[in-house]
Amino acid sequence: MMKAWGKMTIHDSNVREKLLQLGSQKRYNFTAEYARCGYKVTYRRGLDRDKLAPTIMFKNVKINNNLVIDHLWFNYTKGFAELGKLIVGDVISFNARVASMRN
């Protein structure tokens with residue numbers, strides 16, 4: 001099992017309610033399976049065009065072996081990059097706070 005840490009940002013309102021009950025003050029230990037990588041468009045003020053930022057998706061996100069959410073997307077941070085090449089199904093463990101997406 002590989003380890004990483006970070007902050008989960010929740011976009012789905014139904015899932016958000018359930019996860020936000022955990023609170024953002026405490027870090028929780030999650031496990032999840034690597035699913036795939038992707039990109040998201042980021043908007044930068046003052047630039048003529050948008051920028052792509054790498055993302056990483058995990059499925060079957062659990063706390064204490066209890067399913068919390070079926071999948072989550074994260075920014076592909078340095079911490080995730082340090083895990084090396086992931087293969088679909090690899091299980092990682094990470095500590096994170098739960099935070100809602102701010103508009």
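The values are calculated or read from the model by the stated rules, or taken from the named source; none is laboratory data. Just so it is clear, the model here is predicted, and its values are computed rather than measured. Virtual Cβ from ideal backbone geometry, glycine too; neighbours counted across all protein chains shown. Heads up: the accessible areas ignore ligands, DNA and RNA and are worked out on the full protein's heavy atoms, side chains in. Shrake-Rupley method; radii C 1.70, N 1.55, O 1.52, S 1.80 Å.
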The local net charge around residue 41, scoring Lys/Arg +1 and Asp/Glu -1 for residues other than residue 41 whose Cβ lies under 11 Å from its Cβ, equals +3
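Looking at the square roots a ≥ b ≥ c of the eigenvalues of the Cα gyration tensor of the range 51-103, which shape do they give, rounded for a/c under 1.5, prolate if a/b is larger than b/c, or oblate? Numbers along the way, then the final one.
On the way: a/c = 1.77, a/b = 1.09, b/c = 1.63.
Since a/c reaches 1.5 but b/c is at least a/b, the shape of the range 51-103 is classed as oblate.
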With a 1.4 Å probe and all protein chains left in place, how much of the accessible area of the range 35-103 comes from carbon and sulfur atoms, in whole percent? 48
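What's the extension gain from residue 95 to residue 60 if we count 0.36 nm per residue and subtract their Cα-Cα distance? List each step's numbers first, then the result.
Values: separation 35, 0.36 × 35 = 12.60 nm, distance 1.53 nm.
Value of the extension gain: 11.1 nm.
Over the range 35-103, calculate the relative contact order: mean separation of alpha carbon pairs under 8 Å at least 6 apart, over the residue count, as a percent. Mind dumping the intermediate values first?
On the way: 75 pairs, mean separation 15.7, N = 69.
For the range 35-103, the relative contact order is 23 percent.
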